[in-house]
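The values are calculated or read from the model by the stated rules, or taken from the named source; none is laboratory data. In this text, all values refer to a predicted model and were calculated from it rather than measured experimentally. Cβ: placed from backbone, ideal geometry, glycine included. Neighbour counts: every protein chain shown. To get the accessible areas, we keep the full protein, side chains included, count just its heavy atoms, and leave off ligands, DNA and RNA. Shrake-Rupley method; radii C 1.70, N 1.55, O 1.52, S 1.80 Å.
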Amino acid sequence: VLNYASVHPPVHLLRYTVVQDISAVVRALEQGVKKADVDPAVKAVVICGTNGTFSAGADIRGFSSIQAGDRPSLASVIDLIERSEKPVVAAIEGMALGGALEVALGCHYRVAHAQAWVGLPEVTLGLLPGAGGTQRLPRLIGVPAALDLITTGKHVLAAEALKLGIIDEIMEENTIDAAIHLANKVSGQPLNSRRLSLKQVQSLPNMDAILSEALVKVKKQARGCLSPEMCVQAVKASVQLPFTEGIRKERELFNLLLSSGQAKALQYVFFAQRAAQKWTTSSGASWKTASAQPIRKVAVIGLGTMGRGIVTSLVKAKMSVVALEQDQKQLEVGARAVTSLLEREASKMPWIGQRPDACDPALLQFTLDFSVLQDADLVIEAVFEDMALKKEIFHKLSAICKPGSFLCTNTSALDIDEIASATSRPHQVIGTHFFSPAHVMKLVEIIHGRHTSPITIATAMGLAKTIGKIGVVVGNCFGFVGNRMMAPYAEQAVFLLEEGCKPKEVDQALEGFGFNLGPFRMLDLAGLDVGWRSRKGQGLTGPKLAPGTPARLRGRRRYSPLPDLLCENGRYGQKTGRGWYQYEKPGARIANPDPWLHNFLIRYRDAHHIKARFIDEEEILERCLYTLINEGFQILDDGIASDPEDIDVIYIYGYGWPKHRGGPMFYASTIGLPRILAKLQKYSEAHPDIPRMQPSAFLKKLVFLGNPPLKEWMSHAGHQSSKL
Ligand SMILES: CCCCCCC[C@H](O)CC(=O)SCCNC(=O)CCNC(=O)[C@H](O)C(C)(C)COP(=O)([O-])OP(=O)([O-])OC[C@H]1O[C@@H](n2cnc3c(N)ncnc32)[C@H](O)[C@@H]1OP(=O)([O-])[O-]
Ligand SMILES: NC(=O)c1ccc[n+]([C@@H]2O[C@H](COP(=O)([O-])OP(=O)(O)OC[C@H]3O[C@@H](n4cnc5c(N)ncnc54)[C@H](O)[C@@H]3O)[C@@H](O)[C@H]2O)c1
């Protein structure tokens, strides 16, 4: 942990390794600094890490054992460092994150390697920098810059840290030697001006406005997450209170966050995201047995909503891309759309000037000619959601593409095995389900068919990582994990309209819960015609529907024809300017309640003899969320997802589930499975014609087993029909 090595007398070198037992690091730092302080042979101290890394901060797993009210002893050691009569220099290699940057801020000087980066990411873990960071950083770099770093948790490279004033010197090499040199140079000089706790925060004429605007901004973006707001409160304390009182306030806010439950959820997500990268199949394949093949050239077929976003993501990651369309007109429209997306992405990257190759259009070729795809290492198909068309394309690809190339489909729900059956290489066929907008959304569901080889899975996962996405391996069934769980959720939302709600009431309840968009705003954005086409394909509506089928029943299941009726009226959502809401013009984004729709709902209820009733927020949330969670339990039992963490990662990064609630399965564990079961039982008794409300056998089993913790759920799953 800490290696107190006096290798460069008279400078003491305190080397410590991070992400270990924080109290051991803290104790060792304390002893080291105290020893150096009383040792007359020591004139200065340098603190550095081992193996080229200063530190990634406190061990996140250790937070669960900290009780609210515990004294963060790291803070007192940082005080000790700052009070030292001998200059202490931080030598930052690799990274200094969280508590590590706070240690560096307690040092009198900071030297960093040019490739090092620093940041205070605590906010992303539901916390705030709890060891003086919120009080020292504003004193060092001013309130606006400190607010930016502390409320976003972003990391900055050494050059930017130097510009901001966090770092005193940057070195291309020999950072530790440079720190020792600096320590020797400043030895004997007065230190008070270097002690941040003694500095005043630089006053600004518009300080009140800066703080209140920051508060408004973070509240708006946080969707109920507390930590960004508490970060602003802590920085505000640095402006309004003397240092020691500010530290007290920081500790009070830290303890409040620690006990809020949100910190636990966000830390769970941190590990869940990493766990999802470690896929394993039921046959035992994993990263240990299969490695990703190198992918240099990717082809994308179809430049519609999804294809253009996928192409943009690939080009941003500097991959060579061929984009193919079905006719010249579509090719031109698609090419224009991709160019404009790439331009927008480039303008968001201020470092573009230093990296002229980023988003290089020379990496991109547009074509109508399938034979150009011959040497692609991997192909992603993103044409219409139509099985016959997809099979035709895969058959063609199988004949044209070189033997080693991988064939991926971006289907939202269709059977991967059936698509693969159109090829002579089903082991190289896989689903890569991106989310809209594909150049923004982080998630890619990687769907493993019956014949998909481990190398194909590894390669698809590798590609996702290369382009900055989070791949999650799932099994093959209609809608996979995400869309399969979305179906009962969206279905409930529509049933609630039939029973008396307005779209805005349902959306407000779910947006209040923390979703980016409620179900109706989301459906309007995605396009109502997408689901309509799928329902027609399934024979739930349209020409394939048997004559005489009752309007609100399919078999013995309740069905709502409302979404079909909207489409029949040309209301496809934002794209047509009308959907569940009305928009100023087609393509406009601001959703306004539509009196036409409200009258339509009244007439619809009259026609079907439905008596509208008042439905409170609790019922809206429970019916939408608990049916979604119920499907999640079924998915786990079926083996379509290998564990609840995977489902949670899918929902957070693909569907805008509020991160501070940890994903649907984690949320279920915080509510308690007995309560979810009881509510589902109550609602399914009231609505016996909605099978998706009937509690899953797996949920019942877990309740019967005494509501075990989430980590133990999978040891009780059935898995007879594991698809992974
Ligand atoms: C006494 C109380 C005092 C309280 C006072 C407050 C102190 C302070 O304010 C709080 C903090 O410092 S908050 C902390 C602030 N710091 C942060 O928030 C930093 C969070 N970490 C990161 O951002 C990234 O992991 C890195 C950029 C460090 C590396 O990225 P990369 O190269 O892509 O690698 P990777 O795949 O990401 O990780 C590799 C492995 O390391 C694991 N692990 C990593 N960090 C961990 C941690 N802190 N902990 C535990 N484990 C951590 C990770 O799970 C994975 O494990 P696996 O078993 O192999 O799966
Ligand atoms: N839109 C979404 O939100 C979303 C999200 C995830 C997955 N998906 C899936 O992605 C796929 C594409 O969806 P989309 O929304 O981008 O559709 P889209 O209608 O916007 O685009 C499809 C494109 O494919 C092109 N195309 C059709 N036949 C072709 C052929 N034979 N050769 C070359 N190009 C051809 C069309 O010209 C069109 O540009 C579908 O399978 C869909 O289910 C869509």
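So that you can scan it fast, the table gives a plain yes or no per residue for (1) among the small types (G, A, S); (2) more than 15 Å from ligand 2 (Cβ to nearest atom); (3) over 19 Å from L443 (Cα atoms):
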{"position": "S260", "(1), (2), (3)": "yes, yes, yes"}
{"position": "A263", "(1), (2), (3)": "yes, yes, yes"}
{"position": "A272", "(1), (2), (3)": "yes, yes, no"}
{"position": "S286", "(1), (2), (3)": "yes, yes, yes"}
{"position": "G307", "(1), (2), (3)": "yes, no, no"}
{"position": "Q326", "(1), (2), (3)": "no, no, yes"}
{"position": "G334", "(1), (2), (3)": "yes, no, yes"}
{"position": "S347", "(1), (2), (3)": "yes, yes, yes"}
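For L625, state whether it is open to solvent by less than 20 Å² (accessible area, probe 1.4 Å) and in contact (Cβ under 8 Å) with a residue 24 or more places away in the chain.
It is true that L625 is open to solvent by less than 20 Å² (accessible area, probe 1.4 Å) and in contact (Cβ under 8 Å) with a residue 24 or more places away in the chain.
So if I check each of D689, D648, D637, which one is among the acidic types (D, E) and assigned to a loop (DSSP other than H, G, I, E, B)?
Among D689, D648, D637, only D689 is among the acidic types (D, E) and assigned to a loop (DSSP other than H, G, I, E, B).
Which members of segment 368-388 meet the condition of being within 11 Å of ligand 2 (Cβ to nearest atom) and within 21 Å of F435 (Cα to Cα)?
Within segment 368-388, I380, E381, A382, V383, F384, E385, D386, M387 qualify.
Could you please let me know if V42 is away from ligand 1 (no atom under 15 Å from the Cβ), open to solvent by less than 10 Å² (accessible area, probe 1.4 Å), assigned to a loop (DSSP other than H, G, I, E, B) and not basic (K, R)?
Yes, satisfied.
Kindly indicate whether any position in segment 147-160 is free of Cβ contacts under 8 Å to residues at least 24 places away in the same chain and more than 22 Å from K249 (Cα to Cα). Outline the logic, then answer.
Looking only at segment 147-160, we keep the residues that are free of Cβ contacts under 8 Å to residues at least 24 places away in the same chain, and these are 148, 160.
Filter once more, keeping what is more than 22 Å from K249 (Cα to Cα): 160.
Yes, there is a match, as at least one residue in segment 147-160 is free of Cβ contacts under 8 Å to residues at least 24 places away in the same chain and more than 22 Å from K249 (Cα to Cα).
Here are the criteria: (1) within 16 Å of ligand 1 (Cβ to nearest atom); (2) touching a Phe, Trp or Tyr at 6+ places or on another chain (Cβ under 8 Å); (3) open to solvent by less than 10 Å² (accessible area, probe 1.4 Å). Tell me which single one C48 does not satisfy.
(1)
Restricting attention to segment 518-541, report how many residues are modelled with pLDDT under 95 and not in a helix (DSSP H, G or I).
Residues meeting the conditions: 3.
Scanning for something over 30 Å from K86 (Cβ atoms), outside any helix (DSSP H, G or I) and either out of contact with any helix residue (DSSP H, G or I) (no Cβ under 7 Å at 6 or more places or on another chain) or open to solvent by less than 80 Å² (accessible area, probe 1.4 Å) (or both), does segment 206-218 turn up at least one residue? Before the answer, list the steps.
Applying the first criterion (over 30 Å from K86 (Cβ atoms)) to segment 206-218 yields 206-218.
Those still in the list that are outside any helix (DSSP H, G or I) too: 206.
From the residues that got through so far, the ones that are either out of contact with any helix residue (DSSP H, G or I) (no Cβ under 7 Å at 6 or more places or on another chain) or open to solvent by less than 80 Å² (accessible area, probe 1.4 Å) (or both) too are 206.
Yes, segment 206-218 contains at least one residue that is over 30 Å from K86 (Cβ atoms), outside any helix (DSSP H, G or I) and either out of contact with any helix residue (DSSP H, G or I) (no Cβ under 7 Å at 6 or more places or on another chain) or open to solvent by less than 80 Å² (accessible area, probe 1.4 Å) (or both).
Tell me, which residue of segment 406-430 that is more than 10 Å from ligand 2 (Cβ to nearest atom) and in contact with an Asp or Glu (Cβ under 8 Å, 6 or more places away or on another chain) is most open to solvent (accessible area, probe 1.4 Å)?
P426
For every residue, the table says whether it meets (1) more than 16 Å from ligand 1 (Cβ to nearest atom); (2) in the same structural domain as L125 (by TED's automatic domain parsing); (3) not in a helix (DSSP H, G or I).
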| position | (1), (2), (3) |
| --- | --- |
| F271 | no, no, no |
| A290 | yes, no, yes |
| L314 | yes, no, no |
| A323 | yes, no, yes |
| Q326 | yes, no, yes |
| A335 | yes, no, no |
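Got a sec? Which of E245, E252 is acidic (D, E), farther than 22 Å from K199 by Cβ and in the same structural domain as N206 (by TED's automatic domain parsing)?
On inspection, the qualifying residue turns out to be E252.
When only residues in segment 389-405 that are aliphatic (A, V, I, L, M) and open to solvent by 20 Å² or more (accessible area, probe 1.4 Å) count, which is nearest to ligand 2 (Cβ to nearest atom)?
Only one residue tops the list, namely L389.
I'd like to check something: does segment 669-682 contain any residue that is modelled with pLDDT under 95, farther than 23 Å from L517 by Cα and buried (at least 23 other Cβ atoms within 10 Å of the Cβ)?
Within segment 669-682, not a single residue is modelled with pLDDT under 95, farther than 23 Å from L517 by Cα and buried (at least 23 other Cβ atoms within 10 Å of the Cβ).
Conditions tested, residue by residue: (1) of a type in the set (S, T, Y); (2) under 18 Å from P87 (Cα atoms); (3) not in a helix (DSSP H, G or I).
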site	(1), (2), (3)
G130	no, no, yes
L140	no, yes, no
K185	no, yes, no
Q189	no, yes, yes
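Just to be sure, is T339 assigned to a helix (DSSP H, G or I), modelled with pLDDT of 95 or more and either crowded, with 22+ Cβ neighbours inside 10 Å or more than 12 Å from ligand 2 (Cβ to nearest atom) (or both)? Don't jump to the end; show me each part of the working.
Numbers: assigned to a helix (DSSP H, G or I): yes; modelled with pLDDT of 95 or more: no; either crowded, with 22+ Cβ neighbours inside 10 Å or more than 12 Å from ligand 2 (Cβ to nearest atom) (or both): yes.
Spelling it out, it is not the case that T339 is assigned to a helix (DSSP H, G or I), modelled with pLDDT of 95 or more and either crowded, with 22+ Cβ neighbours inside 10 Å or more than 12 Å from ligand 2 (Cβ to nearest atom) (or both).
Among the residues of segment 449-461, are any buried (at least 23 other Cβ atoms within 10 Å of the Cβ), touching a residue at least 60 places away in the same chain (Cβ under 8 Å), closer than 21 Å to Y651 by Cα and within 16 Å of ligand 1 (Cβ to nearest atom)?
Scanning segment 449-461 turns up at least one residue that is buried (at least 23 other Cβ atoms within 10 Å of the Cβ), touching a residue at least 60 places away in the same chain (Cβ under 8 Å), closer than 21 Å to Y651 by Cα and within 16 Å of ligand 1 (Cβ to nearest atom).
Of everything in segment 100-122 that's open to solvent by 10 Å² or more (accessible area, probe 1.4 Å) and assigned to a helix (DSSP H, G or I), which residue is nearest to ligand 2 (Cβ to nearest atom)?
For segment 100-122, the residue satisfying everything is P121.
So M486 ticks every box in (1) within 23 Å of D689 (Cα to Cα); (2) free of Cβ contacts under 8 Å to residues at least 40 places away in the same chain but one. Which box is left unticked?
The single condition M486 does not satisfy is (2).
Please determine whether any residue of segment 585-599 is within 26 Å of I690 (Cα to Cα), within 35 Å of the chain's Cα centre (by Cα) and open to solvent by less than 10 Å² (accessible area, probe 1.4 Å).
Yes, there is a match, as at least one residue in segment 585-599 is within 26 Å of I690 (Cα to Cα), within 35 Å of the chain's Cα centre (by Cα) and open to solvent by less than 10 Å² (accessible area, probe 1.4 Å).
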